[in-house]
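The values are calculated or read from the model by the stated rules, or taken from the named source; none is laboratory data. Quantities reported herein were computed from a predicted structural model and do not represent experimental measurements. Cβ placement follows ideal geometry from the backbone for every residue including glycine, while neighbour counts extend to all protein chains displayed. The accessibility values were calculated without ligands, DNA or RNA, using every heavy atom of the protein model including side chains. Shrake-Rupley method; radii C 1.70, N 1.55, O 1.52, S 1.80 Å.
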Amino acid sequence: YTALTEAHGDMSAAKIVKRYVEIVNDNIFPGTKLVERVGDEILMVSNVAKSIVRTAVNLRDPLESEQYFPCIHAGIHVGSVLEKDGHYFGKTLNLASRVAAYARGGEILCTDKIVHMACDIEDVDYRALGSIELKHIPEPVAVFEVIVGGRVGECTIFDPVCHMHVQPETAVAQLRVDERVYYFCSLDCAK
């Protein structure tokens with residue numbers, strides 16, 4: 001999001017965040033609610049693990065179908081939190097944030113607690129990524145990728161300047177360097 005703002009300006013970033021929140025609100029699974037947004041990061045909470053997983057899964061396709069849009073990367077964890085004046089605090093959120101930061105574009109990651117609580121969602125599987133050391137978390141954390149319909153998530157083609165998901169057939173510009181082709185969302189990014 002920072003790269004996008006630097007490349008395209010504040011107004012473009014604001015439009016993308018507005019559209020992002022619209023997509024989130026249109027795809028929230030019952031039992032989940034959007035409670036905070038900072039930049040392009042959102043915090044959703046739920047009392048039901050299956051609802052939060054289903055919400056993340058519901059968001060992937062609409063976000064990926066938006067032309068020139070950042071890829072989803074999500075981290076899901078379960079545990080107790082402190083709610084004060086509509087804001088949420090605690091170790092559970094810190095761990096979810098670290099898992100989200102570890103996720104690459106297009107990935108929905110979760111902890112083993114989520115896997116155990118939401119293991120029987122139709123068309124959803126979990127792929128173990130191993131125990132990962134995360135910044136400021138004292139013990140390694142077992143992390144899993146949420147797999148939907150057998151499809152592993154990851155935005156494989158993105159603009160190298162602003163990091164938005166780019167589809168080769170609609171890219172404004174492309175540049176070949178040796179054997180690799182780079183695709184761009186705009187002429188400004190290509191420059």
Residue 29 is checked against (1) over 17 Å from residue 88 (Cβ atoms); (2) touching a residue at least 12 places away in the same chain (Cβ under 8 Å); (3) assigned to a helix (DSSP H, G or I) and fails just one. What number does that condition carry? (3)
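Step by step: first the residues of segment 71-92, then only those that are within 15 Å of the chain's Cα centre (by Cα) and open to solvent by 30 Å² or more (accessible area, probe 1.4 Å), then the one that is farthest from residue 22 (Cα to Cα). Which residue is that? Working first, answer last.
Start the filter on segment 71-92 by keeping residues that are within 15 Å of the chain's Cα centre (by Cα), which leaves 71-77.
Restricting the remaining residues to those that are open to solvent by 30 Å² or more (accessible area, probe 1.4 Å) gives 73, 77.
Values: 73: 17, 77: 24 Å.
Taking the candidates together, the pick is 77.
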Taking the criterion of being in contact with a Phe, Trp or Tyr (Cβ under 8 Å, 6 or more places away or on another chain), closer than 16 Å to residue 132 by Cα and outside any loop (DSSP other than H, G, I, E, B), would at least one residue in segment 39-62 satisfy it? no
Counting only residues that are touching a strand residue (DSSP E or B) at 6+ places or on another chain (Cβ under 9 Å) and among the polar types (S, T, N, Q), which one in segment 48-70 is most open to solvent (accessible area, probe 1.4 Å)? 67
Considering only strands (runs of 3 or more DSSP E) fully contained in segment 106-175, which possess at least 2 residues that are open to solvent by less than 30 Å² (accessible area, probe 1.4 Å) and closer than 22 Å to residue 51 by Cβ? 108-111, 141-148
Residue tally, condition of a type outside the set (Val, Ile, Thr) and either out of contact with any strand residue (DSSP E or B) (no Cβ under 8 Å at 6 or more places or on another chain) or surrounded by fewer than 18 Cβ atoms within 10 Å (Cβ to Cβ) (or both), over segment 176-188: 6
Within segment 93-105, of all residues that are open to solvent by 40 Å² or more (accessible area, probe 1.4 Å) and not in a loop (DSSP other than H, G, I, E, B), the one nearest to residue 43 (Cα to Cα) is 97
